[in-house]
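All remarks here apply to the structure that follows.
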Amino acid sequence: MHTTYPLRYNAQAVSGNEVRNSERERLASEMMVHLDHLYRVAFYLAKNEEDAHDCVQETCARALNAHSQFTAGTNLKAWLTRILHNLFFDSFARNKRTVSADALGRDAAQKSDYWETLPTEEAGPEKRLLQQELCAKINGALKKIPVEFRAPIVLVDMGDFSYQEAAEIIACPIGTVRSRLSRGRKLLQDLIGEYLA
Amino acid sequence: MRCDEAQEWITASVDGELSADERVAIESHLAECQDCRTQLARETALKRELKLTSATVTTPQALRAKIEVNELGAGTRTSRKNFSWAWLSLPRLRPAWAFAIVLLMIAALAYQLRPGQDLAATAMATHESVIKGKVTLARVGDPGELRKELALAVKNRFAPVALDLSMAKLQPVAGFVTKIGDREVLVTVYEGDGPTITCYTFLGTETDAPKSAELFRDNEMRVNFFIFSQDNLSGVMHQEGEVICILIAKLAPADILNLLRGKTHHA
């Protein structure tokens, strides 16, 4: 003879959906910590702010929809950046104008000296003003160099990623990161070298 | 080591990415080569400036708010689960998308240009008219009846947002329907011990907020409040479902915000 017991309701138990929602919300919360970083990467990869907005928004949506693919305890910042990088190259960089690095070098050589462009009455401008000018020059110069050289700069110099992490995000060998970074910085120096101390 | 060979090593040295052997080799070259030492200093300076420059770029508040609303607020919704937007990028749909985008742009332009679209400014002007007695108010004793009558006036397409301001000793005493632009707006007048408050309810979205409004996000309520002021009047706008609610009063914006955050409830 079988004895049957009524199923006990476990108030602590949560459904699979609830667990997934909770994981999603945790990821969403942690994602917001990296929002400035994501926007920065998008801002420097994209040609305009509108694309950067769209890219970041879509990255967040994709990341949350794919939250189950993220392994807790691993590098969330790198995971989000990889999604953004892939999205950018799949969707936003298709119509990019290709500029050869050699042509850029020529452009830079033809540029007049920065100090010559400053009004003469501002012979001793304040440091903050100079810093703002330099920021504007760097932003302008970054937009001029090809994205394959810009991406490692954005990831390593601005995003604080190691070569290994940058290589995983870009999906290329570490040596390629190093050579592109070196070439990218050389291009930047050609464009703004005069302003650097 | 030649100088051209040293360039990538200099880059890696700036980033602290050299192995011990590589470091010894590049340091040996640098000790002998003034040009490469200069290059190392320039690249170090460039890296520092790049970092400083990037720190000036932060997420625009509007984008942050949009992500918080669309993504963080979506956590408890189930309709998005397993939903794929991939079909939207099908090549055969591109002409249709282009056409739809052009239509949307024309509609947006028409919307921007339509007369009297500044809802917040008109709401403030209406508030002044109510305070100065320029509007004849038909007073209704029963708040429930008032709400029902206002909803009926717009054929029950929407109803005024129900606010319990009894803690501030304010009661809904009168209401009327007005038109701002081509939109019908329900106005509820709250009176009592404190300053009169007028509440405007209409079908709309957060894009109806004045451009100058300051955004305050209540993460607990998951509501965006848009705060604006003009002369001695303050207004706070928020969305509840399909309707927009604007509260106008001669109060500090923070006071109106506190009333809304503490007292708003769905009737």
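The values are calculated or read from the model by the stated rules, or taken from the named source; none is laboratory data. Fair warning: this is a prediction, and the values are worked out from it, not measured in the lab. Note that each Cβ is placed from the backbone with ideal geometry, even for glycine, and that neighbours are counted across all protein chains shown.
Restricting the range B:164-191 to residues that are among the charged types (D, E, K, R) and part of a strand (DSSP E or B), the residue that is farthest from the chain's Cα centre (by Cα) is B:191. Do you know which of the residues in the range B:238-249 that are out of contact with any helix residue (DSSP H, G or I) (no Cβ under 7 Å at 6 or more places or on another chain) and buried (at least 16 other Cβ atoms within 10 Å of the Cβ) is modelled with the highest pLDDT? It comes out as B:245. State whether the residues of the range A:70-84 include one that is within 9 Å of chain B (Cβ to nearest Cβ) and either charged (D, E, K, R) or over 26 Å from residue A:141 (Cβ atoms) (or both). No, that holds for no residue. Within 14 Å of another protein chain (Cβ to nearest Cβ) and at pLDDT below 75 - does that describe any residue in the range B:103-112? The answer is yes, given that some residue of the range B:103-112 is within 14 Å of another protein chain (Cβ to nearest Cβ) and at pLDDT below 75. For residue B:17, the test of being more than 30 Å from residue B:226 (Cα to Cα), assigned to a loop (DSSP other than H, G, I, E, B) and of a type in the set (Asp, Glu) is passed.
Would you check if residue A:136 is modelled with pLDDT under 90, of a type in the set (A, V, I, L, M, F, W, C), closer than 28 Å to residue A:33 by Cα and over 14 Å from the mean Cα position of the chain (by Cα)? Yes. Flag: residue A:172 matches the condition of being out of contact with any strand residue (DSSP E or B) (no Cβ under 7 Å at 6 or more places or on another chain) and away from every other protein chain (no Cβ under 11 Å).
Residues in the range A:42-69 that are buried (at least 19 other Cβ atoms within 10 Å of the Cβ), more than 9 Å from chain B (Cβ to nearest Cβ) and in contact (Cβ under 8 Å) with a residue 60 or more places away in the chain: A:45 alone.
Going by the structure shown, is residue B:228 under 14 Å from residue B:121 (Cα atoms), modelled with pLDDT under 90 and outside any loop (DSSP other than H, G, I, E, B)? Taking the combined requirement at face value, the residue satisfies it. Annotation note: Cβ proximity below 7 Å between a residue of the range B:142-159 that is more than 12 Å from residue B:172 (Cα to Cα) and a residue that is among the charged types (D, E, K, R) (sequence gap 6+ or interchain) occurs for B:154/B:184; B:158/B:242; B:159/B:147. Of all residues in the range B:192-220, exactly one satisfies the criterion of being part of a loop (DSSP other than H, G, I, E, B) and either of a type in the set (Lys, Arg) or not assigned by TED's automatic domain parsing to the domain that holds residue B:238 (or both), namely B:211. Considering B:57, B:14, B:24, the condition of being at the interface with chain A (Cβ under 9 Å from one of its Cβ atoms) and over 27 Å from residue A:33 (Cβ atoms) is satisfied by B:14 alone. The residue list B:257, B:215 contains one member that is more than 24 Å from residue B:129 (Cα to Cα), in contact (Cβ under 8 Å) with a residue 12 or more places away in the chain and in contact with a strand residue (DSSP E or B) (Cβ under 7 Å, 6 or more places away or on another chain), which is B:215.
Would you check if residue B:147 is basic (Lys, Arg) and crowded, with 20+ Cβ neighbours inside 10 Å? Taking the combined requirement at face value, the residue satisfies it. Screening the candidates A:74, A:81, A:59 for the property of being assigned to a loop (DSSP other than H, G, I, E, B) and modelled with pLDDT of 85 or more yields one hit, A:74.
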